[in-house]
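Data first, discussion second: the structure below is written as structure tokens.
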Amino acid sequence: MESIDLDEFTNTIKIMKKSIILAVLFLGSIAEGQTSNPLGFSIKGKVDQPEISSQAVLQYWDGSKLISDTTMLVNGSFAFKGSLSHPVKSTLSIIKADLSPAFAIGISFDDEIIGRDGIFLYLDKGDIRIKGQTLKTAIIKGSAAHGEYQALQTSLNPFFERKKEIIEGRAKLGAGEQSKSQENDVIFAKLLAVSKDMEPIQNDFIKSHLNSYVSWDLITARNEIFDAAMQKELLDLFPENLRNSHAGKAAFAKQALLSKTAIGRLAPLFTQNDPKGKPVLLASLKGKYVLIDFWASWCAPCRLENPNLKRVYDKFRDNNFEIIAVSLDEKKDLWLKAIADDGLPWLHVSDLKGWKNEVGMRYAVSSVPQNILIDPDGVIISKNLRGVVLENKLSEIFKEKLKSEKI
């Protein structure tokens, strides 16, 4: 397997959901036509420590159109104005004048823009005032929606601190790939546990702010790690105009898909080609415990998990256990190279459509790595098992299986 730098891994933990969190930025703009009167806004800002010869960049979606507005700073001051159909989550950054505003941004687990002086800013009607030494430390006034967003972030700060401690306090990894992977699994498991602890706080905020686009963005951007039944319950609480919007219909459709892959449901059947172009049917694996693993060659956490999967596969492959890996790759050569480099002996399929992979869409996959464990009858019995957690689950299954066979 190709070596993966630990610092790269740590940064990946922070930004591996970048495309998903960026969706948070954009989803609020999709619920088009929710107000009959445009919301006019203006921004006046001043920072005390800008780069020499800098520009401010404001980016947001207005319906299906991406607005990217720039202005040069004059003595640290900048201004923008525009109109919206409803409050929208934007990015506001200060960059050097010679940089292109069409930059990709990294986002940490606490919704902080990485690598540049930038913030998320909810645009709302009226005059928005920003003042501070930097954007990240500035005081922001005048946007009701942004005030709600800041209140939510403040309530989540203790959890963000816990995540920060997990990452910064990690033990040094050993030289071997197995010890690397196991340590990474511990990190991921701890981070996921904190995310789960955050849910009640987020849900309470949603319930108490049902007319807020901050709540609406939060609920419509949630992915497959959240409970589908709770998603439906929360979505049903929102006003009818939001539920019937484009974003609302998309959120309900996604929730319906997620409910079909809930624990206890039959796994949706699929057929997809292997690297040689031969169709592989999930139905052909009936009678086995099967791990459906969603991954991609470009996904660093996926690649870091592969040594663990190999260890688990070697341990249980003779116990009626199989893995079918569904790749969200687009380029066949990179997909095949990753399989070869990582030495992955199980079943592999892909339609090379990336995030539009038909199996991934059927299972509502919006981030990787993801996996689903099904029993010999095709019933989903667990989800998102990694490393030792997966190993322990399979040990429990086969111990019980062997015990029942002796009776």
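The values are calculated or read from the model by the stated rules, or taken from the named source; none is laboratory data. No experiment lies behind these values; they were computed from the predicted model shown. Cβ: placed from backbone, ideal geometry, glycine included. Neighbour counts: every protein chain shown. Ligands, DNA and RNA are stripped out before the accessible areas are found, and what is left, the full protein with its side chains, is counted by its heavy atoms. Shrake-Rupley method; radii C 1.70, N 1.55, O 1.52, S 1.80 Å.
Evaluate the following for Asp329: is it farther than 21 Å from Asp377 by Cβ and at pLDDT 95 or above?
Answer is yes for this residue.
So, restricting to helices (runs of 4 or more DSSP H) that lie completely within the range 277-375, which ones have at least 3 residues that are open to solvent by less than 50 Å² (accessible area, probe 1.4 Å) and not hydrophobic (A, V, I, L, M, F, W, C)?
The qualifying helices (runs of 4 or more DSSP H) are 300-316.
A quick yes/no check of all residues on (1) touching a helix residue (DSSP H, G or I) at 6+ places or on another chain (Cβ under 7 Å); (2) modelled with pLDDT under 95:
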| position | (1), (2) |
| --- | --- |
| Asn211 | no, yes |
| Phe238 | yes, no |
| Ser259 | yes, yes |
| Ser284 | no, no |
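I'd like to check which helices (runs of 4 or more DSSP H) are fully inside the range 186-272 and have at least 2 residues that are polar (S, T, N, Q).
Passing ranges, in order: 213-220, 246-260.
Among the residues of the range 154-182, count how many are open to solvent by 60 Å² or more (accessible area, probe 1.4 Å), in contact with a helix residue (DSSP H, G or I) (Cβ under 8 Å, 6 or more places away or on another chain), of a type outside the set (Lys, Arg) and at pLDDT 80 or above.
0
Quick one: which of Val359, Val389 is among the aliphatic types (A, V, I, L, M) and over 17 Å from Asn273 (Cα atoms)?
Every option except Val389 fails the conditions.
State yes or no: is Ile380 under 26 Å from Gln231 (Cβ atoms), open to solvent by less than 30 Å² (accessible area, probe 1.4 Å) and of a type in the set (A, V, I, L, M, F, W, C)?
Judged against the criteria, Ile380 is a match.
List pairs: first in the range 103-131 and touching a residue at least 24 places away in the same chain (Cβ under 8 Å), second assigned to a strand (DSSP E or B) and aromatic (Phe, Trp, Tyr), Cβ under 7 Å, 6+ apart or cross-chain?
Hits for this filter: Asp111/Phe120; Leu123/Phe41; Leu123/Tyr60; Asp124/Phe41; Lys125/Phe41; Gly126/Phe41; Ile128/Phe41.
Kindly indicate whether any position in the range 394-403 is crowded, with 19+ Cβ neighbours inside 10 Å and not aromatic (Phe, Trp, Tyr).
yes
Give all pairs with beta carbons closer than 9 Å in which a residue from the range 298-317 that is farther than 18 Å from Glu396 by Cβ and in contact (Cβ under 8 Å) with a residue 40 or more places away in the chain meets a residue that is in a helix (DSSP H, G or I) and aromatic (Phe, Trp, Tyr); count only pairs at least 6 apart in sequence or on separate chains.
Ala300/Phe9; Pro301/Phe9; Pro301/Phe188; Leu304/Phe9; Glu305/Phe188
Can you pull out every residue in the range 206-242 that is more than 29 Å from Phe294 (Cβ to Cβ) and open to solvent by 60 Å² or more (accessible area, probe 1.4 Å)?
Lys207, Ser208, Asn211, Leu237, Glu240, Asn241
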